[in-house]
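To start, the structure itself, in structure tokens.
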Amino acid sequence: MIDISIQNVKKAFEEGNDILDGLTFDINEGERVGLLGKNGAGKTTLLRLITGELTPDEGDIILPKQKKLGLISQIPVFPAGYTADDVLRTAFDRLKEIKEQMKALEKIMAEGDAQDVLKQYDGLAFEFERLGGYNTEFELNRVANGLRIPEAQRGQLFDTLSGGEKTRINLARMILENTDILLLDEPTNHLDMRATIWLEEFLLKFKGTVLIISHDRYFLDKTINRAIEIKAGKAEFYSGNYSFYVMEKQRRYEEQLERYEREKVEAKRLHDAADKLYSWGTGNSKLMKKSFAIRTRAERAIKTDRPDKDKTMKAKFGEREFRGDEVLVVRNLEKSFDGRKLIDIQELEVRGGERIAIIGDNGSGKTTLIKIIMGELKSDSGSVRKGPSVKSAYLPQIVRFDHPRRSLLDTLIYEQNVSPQVGRNRLGGFMFSGEDVFKLVGDLSGGEKSRLRLCMLMDGAINLLILDEPTNHLDLPSREWIEDAVDSYEETLMFISHDRYFINRFATRIWEIEDGKFTDFRGTYEQYLLMKAAGVSAELKVDDNKAPAAQVKAKAKRKPADMQKELRRVEREIEKLENELVQIGEDKEMHATDYEKLMELDSRYIEVQEQLDVLMMEWEALA
């Protein structure tokens, strides 16, 4: 059954400038679809068309009448005086109606025999139970806790909440309503990592249809099974998650480019042949006609358009060679706010070339730690010492400039001491071109301010780069660009992020701050999750800077005495996983042209390799 049908939809906000130009696709019941495209491609416009907030200029949008549809960015108006809890409970309005009808029928039945009324009552009772009427409190608390909506916030007036808090509560309300078709526009923007993981798990179990716009690539990888990209107002289709989309898009680009180059070579060959015949055929009408015929063929030989690659910024961080053993040394560091201890680190060392992700819930103290390291904030006790040859650069989460009324070009000229031409060239490398360089810094968006600050940071030779939420406010192409820039940077990197795709790509060490406790884990983010899942999390929450292998060893010492038996078990598991890796390699060769199967095999290969890494650490400890 088709839940959303978009048929030849056109929409323009300026005459002759169609955002959507004949957009056509269907989404089947139960599909989880990611809607992709550059900023301004028309993704949010399409969601507003689907909800009826906007009307298409041409075409049809067909939705099943009997199904409930919800868009989280579209927050209904609630009566004055409604608390957040009142808003959440509006999800049970239908249950309240049924309950009132049941009470009315109970009164009638109490007055005498009413067989017809009893039948009607039974129908309502069945409907009440089917809709979860006896579990409303449990479901309300389950969803609110999952989306990290605290009890205190539920008692606040809804009108006094921030936009992000309202969005989160509205998402919870839609989930509680058992909405059939969910339209999610950047649903993770106002969620911390735990709430995002909860939402992922919910969507994987959700039986309805989901259409998602998101810049969170890890979230898209986990939740969608199909991608639709809006490009030049039309739809392009990809039958997989975000990682599949990236690979398949590149494959299509290369295939189209190869086809275009082949056709171009053939067109040149025909043109050369036509030129020769023309030069030979002076006074010979047959050769002249043949020359014109071949030239016509040459003009038709190129049937494929040259594929365009999205414009990207070309820049890299300046690097300064690190000399010395220690980049950073932390001793007995403590920091509290309002009686609540945020930072408590006994001993910590950072060495050259490490890539450290600082993770934790909003408000846990991540930015506080960075500000103490940068000397912008004083600790209550303890010390932070940088190595003598360390030169650091810091990109804060919220970028501010001392002179917001200066243009971008003037900002570079005065603050970087460069000539106007050098300033223009550097701004051009960050996709600020033409009249853009004369925009006022204060008028830039959050993403543009981050881009400008990066442009300024990259000029310096640095060996400690600190980034606070570097991918916030950035669209997917900009996120990919900053990843390429970071990837080429080989010195010490420290970053705060909720972007698990970014964390997973770069982190070689994880610092987690949770309820005042500090965890230092040497390994990747996926390894960290595996270690926690394996039950080592309690041992990880220490400040003695143990390596993972040492932690597993400490755990092993507390096990029963027969270590040889345990060692043989681990070795059997390792052999089994190694054999599976070999088999996956053979399967990949067999399915070399099946991209969906390759994606599935790649995903499994990563899972098995991570399990193997954990077992190898356990084997080391036992051996």
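The values are calculated or read from the model by the stated rules, or taken from the named source; none is laboratory data. Note that this is a predicted model, so its numbers are computed, not measured. Using ideal geometry, Cβ is built from the backbone for each residue, glycine included, and neighbour counts are taken over all protein chains shown. Keep in mind that these areas ignore ligands, DNA and RNA; they rest on the heavy atoms of the full protein, side chains included. Shrake-Rupley method; radii C 1.70, N 1.55, O 1.52, S 1.80 Å.
A few points about this structure:
- Mean shadow area of the stretch 432-509 over all directions, Cα convex hull, nm²: 5.7
- Karplus-derived 3J(HN,Hα), 6.51/-1.76/1.60, for each residue of the stretch 492-502, Hz, glycine and proline x: 6, 10, 9, 8, 9, 7, 9, 7, 5, 4, 5
- Whether the stretch 38-179 is rounded, prolate or oblate, judged on the alpha carbon gyration tensor where a/c under 1.5 counts as rounded: oblate
- The radius of gyration of the Cα set in the stretch 23-122, together with its Dmax, comes out at 21.3, 67 angstrom.
- Prolate/oblate/rounded label for the stretch 67-108 (Cα gyration tensor, a/c 1.5): oblate
- Residues THR179, THR55 ordered from highest to lowest accessible area at a 1.4 Å probe: THR55, THR179.
- Backbone HN-Hα couplings from phi across the stretch 222-236 [Karplus 6.51/-1.76/1.60, Hz, Gly and Pro as x]: 6, 9, 9, 10, 7, 10, 10, 9, 8, 9, 6, x, 10, 9, 10
- On the basis of the beta-carbon distance and an R0 of 30 Å, ASN17 and LYS439 show a calculated FRET efficiency of 0.85.
- Residues in the stretch 410-417 carry Karplus couplings, in order, of 5, 4, 5, 4, 7, 8, 10, 6 Hz; the curve used is 6.51 cos²θ - 1.76 cosθ + 1.60 with θ = phi - 60°, and Gly or Pro positions show x.
- Percent of Cα pairs exceeding the 38 Å cut-off, where the set is the chain: 49
- Too-long pairs where the Cα-Cα distance tops 25 Å, listed order kept, from LYS378/LYS517; LYS11/LYS449; LYS103/LYS207; LYS68/LYS103; LYS234/LYS303; LYS366/LYS439: LYS11/LYS449; LYS103/LYS207; LYS68/LYS103; LYS366/LYS439
- Cα-based radius of gyration for the stretch 128-217, normalised by 2.2 N^0.38 Å, reads 1.09.
- Amide H partners (placed H, <5 Å) of LEU348, local residues excluded: VAL330
- Fully extending the segment from LYS107 to SER419, taken as 0.36 nm per residue of separation minus the present Cα-Cα distance, adds 103.6 nm.
- Cα shape, the stretch 391-474, gyration tensor, a/c 1.5 rule: oblate
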